[in-house]
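One structure below.
Only the coordinates and a few stated rules stand behind these numbers; no lab work does. Just so we're clear, the structure is a prediction, and the values are computed from it rather than from any experiment. Note that we place each Cβ from the backbone using ideal geometry, even for glycine, and neighbour counts take in every protein chain shown.
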Amino acid sequence: MLKTASETRRASGRPKLTFPFTKSSDLDKQAKKNHPFQHGAPVSKTQVRAFQRPASEDRLGLTTTMWLQRGLNEIPISHPMHATLLDRLQKEPPSPSSRSCSSSSSHTPRKSMAGFDLLPAEIRNLIYCHSLSEEQPITPILPPLEGDQNGTKTRYLQSGFPILAEVFPHLTDEIQSMMRPFYQANTFQFDLREDGGIENLLRWLQQRKEEVDAARTISVIHWTWYWSTSDFCWNFVADATILSLTSSGHIKLTRTAGALDADACNCNIEKLISTQCSDWTMNNIWSVPDFVKALREDEELLTQALTKFVDLIQQHDESFHAWQNGPKACTACGKSMIFLRTFDEVEWTSE
């Protein structure tokens, strides 16, 4: 008689193997616990249905926010649309995730990132050298005079390299040691057409000794007046004269405006000044008395040139009203003399 398999196992005396019954839900939980991100981990249909798609208005808001942020990243702050896009982004409603996390995130401290002051000194020096030069000229606006409530502090200290001293006060000594290279690498700009323009420039020369001594390039914005032979009247253009101290110790002058009129003086700005200022000897070969006098001067060479240039502009402001019917001829080129002025209008008088 044949025996069944169970009878054979009992006869052989082998133990009976029993398998505990495990529910399917327990297997799902265990699989997700051990391998939560493994491809193919069991997920129930109920859990899949629980993944809710954002509402249509939320999807539209997320898309709008994305494009606004991308636009702000691609245009400079100076762009006329930057302020509009930033205002539009701030008015966008918060996304569903930000709404749900707003209460908890307000109590969660942000993780601190590696600070600039924790970088090695060699890396910080590289960053300093890279950030010394500004894209635009820096315009010092001095603190207000006593009783003047409308004045502002220096504009160029609100951004760029000098702001690091305020952000990292414990690095003040290190940053201050880089201020002279910062002044040397940038162009100081003064607009004499503004109210009090000349006064601010003269105050800067008197009160900011460190900046003045380190400056290597100074731009002075003014009006250039010329006599138009076609219109038979005076015209003017916005202009700027740039004074630079070269490595050879000479003063280089450059006027930015192009050709004015066919019959207007076309002398370079240095020749124009030297013909009208008898004491302009900046780039001349010095005699021994001139050299001794220069050594005794308390001002830097660039400061001396700037002071004499401002004196010339003031002379032109004072004498221009007498030339209503046309200018005299330039002694250097023989063409109509031009005037460098701070005003774009004039009250004519007869002399």
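With each pseudo-label sitting 7 Å past Cα toward Cβ, what's the K308-S78 distance in nm, one decimal?
Label-label distance for K308 and S78, simple model: 3.3 nm.
Would you please give the FRET efficiency between K328 and R193, computed as 1/(1 + (r/R0)^6) with r the Cβ-Cβ distance and R0 = 22 Å, to the nearest 0.05?
Details: r = 25 Å, r/R0 = 1.13.
The value I calculate is 0.35.
Can you give me the relative contact order of region 242-285 as a percent, contacts being Cα pairs under 8 Å and 6 or more apart?
Details: 29 pairs, mean separation 13.3, N = 44.
Answer for region 242-285 is 30 percent.
Between V346 and N235, with labels modelled 7 Å along Cα→Cβ, what's the label distance in nm to one decimal, could you check?
Distance between the two pseudo-spin positions: 1.5 nm.
Beyond a 22 Å Cα-Cα separation, which of these cross-linked pairs lie in this structure: K308/K335; K271/K308; K209/K271; K252/K328? List each step's numbers first, then the result.
On the way: K308/K335 24 Å; K271/K308 14 Å; K209/K271 29 Å; K252/K328 27 Å.
The pairs that break the limit, which is 22 Å between Cα atoms, are K308/K335; K209/K271; K252/K328.
Out of all Cα-Cα pairs in region 216-351, roughly what percent, to the nearest whole number, are more than 22 Å apart? Display every interim value, and only then the final one.
Details: 3676 of 9180 pairs.
Of all Cα-Cα distances in region 216-351, 40 percent exceed 22 Å.
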